[in-house]
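The structure under discussion appears below in the form of structure tokens.
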Amino acid sequence: MATIYPTRTAPSDNMAGTVARVSWGAIFAGGAVAVALMILFTTFGIGIGAAILDPQYDAAPGSGLGIGSGLYLIVTQLIALGAGGFVAARLAGIPRTIASLLHGTAVWSVATIFLAWAAVTGAGAMFGAASSVLEGTATAIGDVGEAIVPDDLSLPNPSDLAGSISLDALPEELQTTLREKGVTEANIRQESVAAFRDVFSQEEQDAALAEMRTTLGDVLQDPANAGTEIADLFDRLVGGEDAIVSDDDRQQAMSVLEQRLGITPDEAEGIVQSVEDGIRSSVDSARDGIEAARETMVETAQAASDAISTTALLLALASLLGLAAACGGAFAGKPDDADDTDLRRQV
């Protein structure tokens with residue numbers, strides 16, 4: 001009597017239909033493997049990088065690490081995603097190329113979403129290149145928003161300028177008249193300081209500086225109207241009610257000089273005009289500082305915009321490479337046939 005041995009046959013289309021179309025357990029397992037490998041490679045790289053640095057002898061111990069570490073993170077991320085895709089395809093056990101590739105794609109999707117979450121929540125430094133790029137992009141955007149204000153930005157104090165008046169700087173006719181009246185340069189300085197005392201208080205200076213910084217912020221938001229905004233600002237500083245020396249301040253200073261020096265209104269106006277000329281010169285210097293800050297802000301914004309654009313493109317490229325790696329790993333992990341337990345047997 002002949003003995004019939006059971007044989008295994010290739011699954012038919014109907015049999016293949018009994019195999020699950022998607023295995024989320026395999027996908028999450030592959031994603032977990034990919035992320036775990038990213039952490040392993042990242043911490044390993046940090047350890048090696050820190051070990052090779054020698055601050056005592058290297059002139060610039062950190063130079064050159066940026067490009068190398070970036071390439072290392074990208075390569076290790078591709079390896080991690082490839083391994084994750086392999087694990088997902090192998091655990092899914094579906095002997096179809098398209099199903100394995102889709103499982104690899106799902107692993108890439110899960111890992112990418114996790115890395116994006118890690119970057120947003122501040123944990124991106126621990127997870128590979130993509131999250132590091134995202135974190136760097138966010139930092140660059142934040143840096144652009146900071147106003148660039150010159151450290152030495154200041155406004156003139158009329159009292160200080162009045163205390164440095166030079167008799168020789170006054171018109172010749174006024175010099176002659178003052179000398180004939182016995183008014184010395186020391187007298188002019190002393191009385192001018194008294195005339196302009198408290199004309200531009202510290203509170204007014206602080207308010208004007210705050211307005212300058214506000215104008216710089218407005219310039220950053222709307223660079224197209226920068227020239228007009230800066231011009232209007234400094235027009236207010238040299239004229240009008242809120243000027244450094246308003247019309248009322250000017251008349252009061254002239255009145256004090258007339259009384260204390262015994263000079264005519266025209267002669268007092270000449271001295272006040274000398275102080276105002278010094279104020280205008282100082283304001284022009286402040287205007288130059290504002291203009292330089294505006295140009296710096298525009299250049300910084302442009303550089304940040306270029307950096308953000310480059311970063312986004314590199315991030316997209318790295319993500320596509322990660323997708324290819326995950327799909328490649330899944331293809332390599334695709335089983336040649338379904339597991340015996342998933343197939344029908346014939347006897």
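Values computed for the structure shown
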| read-out | value |
| --- | --- |
| Counted residues, region 89-118 - those being charged (D, E, K, R) and more than 14 Å from Ala326 (Cα to Cα) | 1 |
| Conditions (1) out of contact with any Asp or Glu (no Cβ under 9 Å at 6 or more places or on another chain); (2) at pLDDT below 85; (3) not hydrophobic (A, V, I, L, M, F, W, C); number of the one not met by Gly122 | (1) |
| Odd one out for Ile141, checked against (1) at pLDDT below 85; (2) touching a Leu at 6+ places or on another chain (Cβ under 9 Å); (3) assigned to a helix (DSSP H, G or I) | (2) |
| Breaking point among (1) surrounded by 14 or more Cβ atoms within 10 Å (Cβ to Cβ); (2) part of a helix (DSSP H, G or I); (3) at pLDDT 80 or above, for Ala226 | (3) |
| Residue that is surrounded by the fewest Cβ atoms within 10 Å (Cβ to Cβ) [pool: residues in region 151-201 that are in contact with a Lys or Arg (Cβ under 8 Å, 6 or more places away or on another chain) and in a loop (DSSP other than H, G, I, E, B)] | Ser164 |
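Residues checked against (1) among the hydrophobic types (A, V, I, L, M, F, W, C); (2) more than 19 Å from Leu209 (Cα to Cα); (3) at pLDDT 80 or above; (4) buried (at least 16 other Cβ atoms within 10 Å of the Cβ):
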| residue | (1), (2), (3), (4) |
| --- | --- |
| Arg236 | no, no, no, no |
| Asp248 | no, yes, yes, no |
| Gln251 | no, yes, yes, no |
| Glu291 | no, no, no, no |
| Leu313 | yes, yes, no, no |
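Every residue, every condition in (1) modelled with pLDDT under 90; (2) in the same structural domain as Asp336 (by TED's automatic domain parsing); (3) assigned to a loop (DSSP other than H, G, I, E, B), yes or no:
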residue: Ala60; (1), (2), (3): yes, yes, yes
residue: Gly66; (1), (2), (3): yes, yes, no
residue: Leu73; (1), (2), (3): yes, yes, no
residue: Gln77; (1), (2), (3): yes, yes, no
residue: Ile94; (1), (2), (3): yes, yes, yes
residue: Leu102; (1), (2), (3): no, yes, no
residue: Thr112; (1), (2), (3): yes, yes, no
residue: Ala118; (1), (2), (3): yes, yes, no
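The values are calculated or read from the model by the stated rules, or taken from the named source; none is laboratory data. Keep in mind the model is a prediction, meaning the values are calculated, not measured. Note: ideal-geometry Cβ built from the backbone for every residue, glycine included; neighbour counts use all protein chains shown.
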